[in-house]
Amino acid sequence: MKYGEKEIKAFDINAQENYWPNEHSKNYIITIELPEFMCRCPRSGYPDFATIKLSYTPSDKVIELKAIKLYINSFIDRHISHENSINEIYDALYSKLAPKWMKLTADFNPRGNVHTIIEIDSSKN
């Protein structure tokens, strides 16, 4: 196993070192785009690709950029549906960041003439 694969396999999104203190009291939005998300279809095993866009207004914490990259990469060999993967990502990040507001969008590449976009917005929950 190569060093990057080891790092992804051992990664824990809940580890404290993945979150840094937010040093600013004003409201501002952080937007992170991750264009290389990949998981596998739970039925066929075919790869599914998406662009993930995370936007949030931090409260006390922000996520470290390498941590979000490793977390997103940890889905690469998982057999998980579009809906389940995005809900899992949203729940994990929302619970650790406790942001003032957060929106997660997954724009999956078309496969078999179907294009899926999933959006979860904390202001609508």
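The values are calculated or read from the model by the stated rules, or taken from the named source; none is laboratory data. The shown structure was predicted, so the numbers you read here are calculated from the model rather than taken from an experiment. Heads up, the Cβs are rebuilt from the backbone with ideal geometry, glycines too, and the neighbour counts pull from every protein chain shown.
Figures for the structure shown
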{"item": "Qualifying residue in the stretch 46-64 (condition: aromatic (Phe, Trp, Tyr), surrounded by 12 or more Cβ atoms within 10 Å (Cβ to Cβ) and over 14 Å from Ile120 (Cβ atoms))", "result": "yes"}
{"item": "Residue list for the stretch 1-27, filter: assigned to a loop (DSSP other than H, G, I, E, B), among the aliphatic types (A, V, I, L, M) and either at pLDDT 95 or above or surrounded by 13 or more Cβ atoms within 10 Å (Cβ to Cβ) (or both)", "result": "Ile13, Ala15"}
{"item": "Only one of Asp91, Asp107 that is assigned to a strand (DSSP E or B), more than 21 Å from Gly4 (Cα to Cα), under 14 Å from the mean Cα position of the chain (by Cα) and of a type in the set (D, E, K, R)", "result": "Asp107"}
{"item": "So Asp77, is it part of a loop (DSSP other than H, G, I, E, B), within 14 Å of the chain's Cα centre (by Cα) and of a type outside the set (Phe, Trp, Tyr)", "result": "no"}
{"item": "Residue ID - farthest from Glu5 (Cα to Cα), chosen from residues in the stretch 110-125 that are surrounded by fewer than 13 Cβ atoms within 10 Å (Cβ to Cβ) and of a type outside the set (S, T, N, Q)", "result": "Lys124"}
{"item": "Subset of the stretch 28-74 [assigned to a strand (DSSP E or B), free of Cβ contacts under 8 Å to residues at least 40 places away in the same chain and over 25 Å from Trp101 (Cβ atoms)]", "result": "Glu36, Met38, Pro47"}
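To keep it simple, each residue is scored yes or no on (1) at pLDDT below 95; (2) of a type in the set (Lys, Arg); (3) surrounded by fewer than 19 Cβ atoms within 10 Å (Cβ to Cβ).
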residue	(1), (2), (3)
Lys66	no, yes, yes
Ser74	no, no, yes
Ser81	no, no, yes
Glu88	no, no, yes
Leu93	no, no, no
